[in-house]
1. Kindly list the number of the only condition in (1) more than 17 Å from the chain's Cα centre (by Cα); (2) in a loop (DSSP other than H, G, I, E, B) that fails for Gln159.
2. Taking the residues in region 204-257 that are among the hydroxyl-bearing types (Ser, Thr, Tyr) and farther than 28 Å from Ala40 by Cα as candidates, determine which candidate is surrounded by the most Cβ atoms within 10 Å (Cβ to Cβ).
3. I'd like to verify a number: residues in region 200-238 that are part of a helix (DSSP H, G or I) and more than 20 Å from Leu253 (Cα to Cα), how many?
4. Name the single residue that is surrounded by the most Cβ atoms within 10 Å (Cβ to Cβ) among those in region 5-32 being without any contact (Cβ under 8 Å) to a residue 40 or more places away in the chain and of a type in the set (A, V, I, L, M).
5. How many residues are of a type in the set (Gly, Ala, Ser) and within 18 Å of His224 (Cα to Cα) when one looks only at region 156-203?
6. Cβ contacts < 8 Å: first residue within 19 Å of Pro24 (Cα to Cα), restricted to region 243-257; second residue of a type in the set (Val, Ile, Thr) and part of a helix (DSSP H, G or I), any location; separation 6+ or different chain. Result?
7. Has region 33-49 got at least one residue that is free of Cβ contacts under 8 Å to residues at least 12 places away in the same chain and out of contact with any Asp or Glu (no Cβ under 8 Å at 6 or more places or on another chain)?
8. Taking the criterion of being among the hydroxyl-bearing types (Ser, Thr, Tyr), at pLDDT 90 or above and over 20 Å from the mean Cα position of the chain (by Cα), would at least one residue in region 165-188 satisfy it?
Amino acid sequence: MALIRCDFSSEALELGTSMTVLLPERAGAQIGLTGHDTGAPPPVLYLLHGLTDDDTAWTRYTSIERYAAELGLAVVMPQVHRSFYADEAYGARFWTFLSEELPAVVSSFFRVSTRREDTFVAGLSMGGYGAFKWALREPGRFAAAASLSGALDLAYMSQWDKRPHMTALIARVFAGRSVAGTDDDLLHLLATNGGDLPRLLLRCGADDHLVAQNERFVAACHEHGVAIDAAFGPGAHEWSYWDAQIRAVLDWLPIKS
């Protein structure tokens, strides 16, 4: 794989930002690594980071590069700080950056497929929320979406999580407006979906502090007739769990050979 740390100027954010990108390449002469490159524009996974991470976290703490190399999969990991992938009330337009500007920038900088059947999104914790929000709000963009240990009930968090740092964060991003019943509320998006959603996968450890939110999301999927591949097993909110699960996600993606 080619590993690229890309620094660029964002018009949506009105500042310089970065993304880490993995691109397939042939690796016949590289000992211990299998490369896969068909010569066609590769499928692409947008892989989103969590609340305390940045665009380098997935490559630093997991073996995503090695896993993606076997599949010939491009991986785009953007930087969004602590934004909850939203247009912040007191900050920058991170939702606009993610959903509008980033795919256009990726297409202009790199030779990757833009077809729905070749485009996927996944993330962990805050990034799991971002992945499902993007997939549910723009279902025609993705063939599949996955959340690992996702912070999936933001309406609940904004109302009931009274930890000082979370209260300050929610206030900065949403400025006191209710998340419930809006397009930032995943349960609302499930209730109002128009069908033809991407394939959805959810994984969360039984010892994760966000497990109840994940259980509520799965229950809402069942209530509204939304198919989801969901599983809960041993694991907590930590990188050894996510390293194992991201490999399972890649095996599950409907990548066309």
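1. It is condition (2) that Gln159 fails.
2. The initial filter retains those residues of region 204-257 that are among the hydroxyl-bearing types (Ser, Thr, Tyr), namely 240-241, 257.
Remaining after also requiring farther than 28 Å from Ala40 by Cα: 240-241.
Details: Ser240: 11, Tyr241: 21.
That would be Tyr241.
3. Filtering region 200-238 for residues part of a helix (DSSP H, G or I) gives 211-223.
Filter again for more than 20 Å from Leu253 (Cα to Cα), leaving 211-217, 219-220, 222-223.
Number satisfying all stated conditions: 11.
4. Ala29
5. Qualifying residue count for the region: 5.
6. As it stands, the answer is Ile246/Ile64, since those pairs meet every condition given.
7. Step one: filter region 33-49 for residues free of Cβ contacts under 8 Å to residues at least 12 places away in the same chain, giving 39.
Then keep just the ones that are out of contact with any Asp or Glu (no Cβ under 8 Å at 6 or more places or on another chain); that gives 39.
Yes.
8. Of region 165-188, the ones among the hydroxyl-bearing types (Ser, Thr, Tyr) are 167, 178, 182.
Going one step further and asking which of them are at pLDDT 90 or above, we end up with 182.
From what is left, the residues that are over 20 Å from the mean Cα position of the chain (by Cα) are none.
Checked against the condition, which is being among the hydroxyl-bearing types (Ser, Thr, Tyr), at pLDDT 90 or above and over 20 Å from the mean Cα position of the chain (by Cα), region 165-188 yields no hits at all.
The values are calculated or read from the model by the stated rules, or taken from the named source; none is laboratory data. What you see is a predicted model; the values in this text were computed from it and never measured. Counting neighbours? That spans all protein chains shown, and the Cβs are built from the backbone with ideal geometry, glycine included.
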